[in-house]
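Reviewing the structure listed below.
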Amino acid sequence: MAITQAVCTSFKQEILVEGHDFTATTGDTFKLALFTSSATLGASTTAYSTTNEVSASGTYTAGGGSLTSVTPTTSGTTALCDFSDLSFTSATITARGAVIYNSSNSNKAVCVLDFGGDKTSTSGTFTVQFPAADASNAILRLA
């Protein structure tokens, strides 16, 4: 079992043939779900699944939380999209990674995040902090 950070291959194809609207105020709803180290996730992930998702705790429930999108932009020749940080409060969670998925479009996977090791909160706040929204660091970059 392993989690490998990647933009999902199915997403790459889907953006060429159908919509994934990342516009902040009028776009699709994107969610982030947390997974244990038992999950097998990576570029071949096509959709959100509950298999090896962390258990509900505090404000975390099955399916994770809704992300607030920052309207896509460009920097040089790179298109990028970012999200606001996401926190789950009063939660006891141990997560190894996450899946960002489009809940407005059949729960289709966008990308897999590998936390590089188990991250834990104990009756506290579990926060997924996104990197800077620039061409070198944004969580979703198309170069």
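Report yes if residue 57 is touching a Ser or Thr at 6+ places or on another chain (Cβ under 6 Å), over 26 Å from residue 137 (Cα atoms) and at pLDDT 95 or above, otherwise no. Yes.
The condition of being more than 17 Å from residue 10 (Cβ to Cβ), within 15 Å of the chain's Cα centre (by Cα) and modelled with pLDDT of 95 or more holds for only one of 35, 83, that being 35.
Given the criterion surrounded by fewer than 16 Cβ atoms within 10 Å (Cβ to Cβ) and farther than 24 Å from residue 136 by Cα, identify the matching residue among 49, 38. Of the residues listed, the single one that is surrounded by fewer than 16 Cβ atoms within 10 Å (Cβ to Cβ) and farther than 24 Å from residue 136 by Cα is 38. Taken over segment 112-130, residues that are in contact with a strand residue (DSSP E or B) (Cβ under 8 Å, 6 or more places away or on another chain) and either part of a loop (DSSP other than H, G, I, E, B) or surrounded by fewer than 19 Cβ atoms within 10 Å (Cβ to Cβ) (or both) amount to 12. Could you go through segment 22-41 and let me know if any residue there is in contact (Cβ under 8 Å) with a residue 40 or more places away in the chain, over 18 Å from residue 112 (Cβ atoms) and touching a Lys or Arg at 6+ places or on another chain (Cβ under 7 Å). No - not one qualifying residue is present in segment 22-41. In segment 131-140, is there at least one residue being within 14 Å of the chain's Cα centre (by Cα) and part of a strand (DSSP E or B)? Yes, that holds for at least one residue.
The criterion of at least 3 residues that are surrounded by fewer than 17 Cβ atoms within 10 Å (Cβ to Cβ) is met by the following strands (runs of 3 or more DSSP E) wholly inside segment 52-105: 69-75, 86-102.
The values are calculated or read from the model by the stated rules, or taken from the named source; none is laboratory data. Given the structure is predicted, the values throughout are model-derived calculations rather than measurements. Neighbour counts are summed over all protein chains in view; Cβ atoms, including those assigned to glycine, are modelled from backbone coordinates with ideal geometry.
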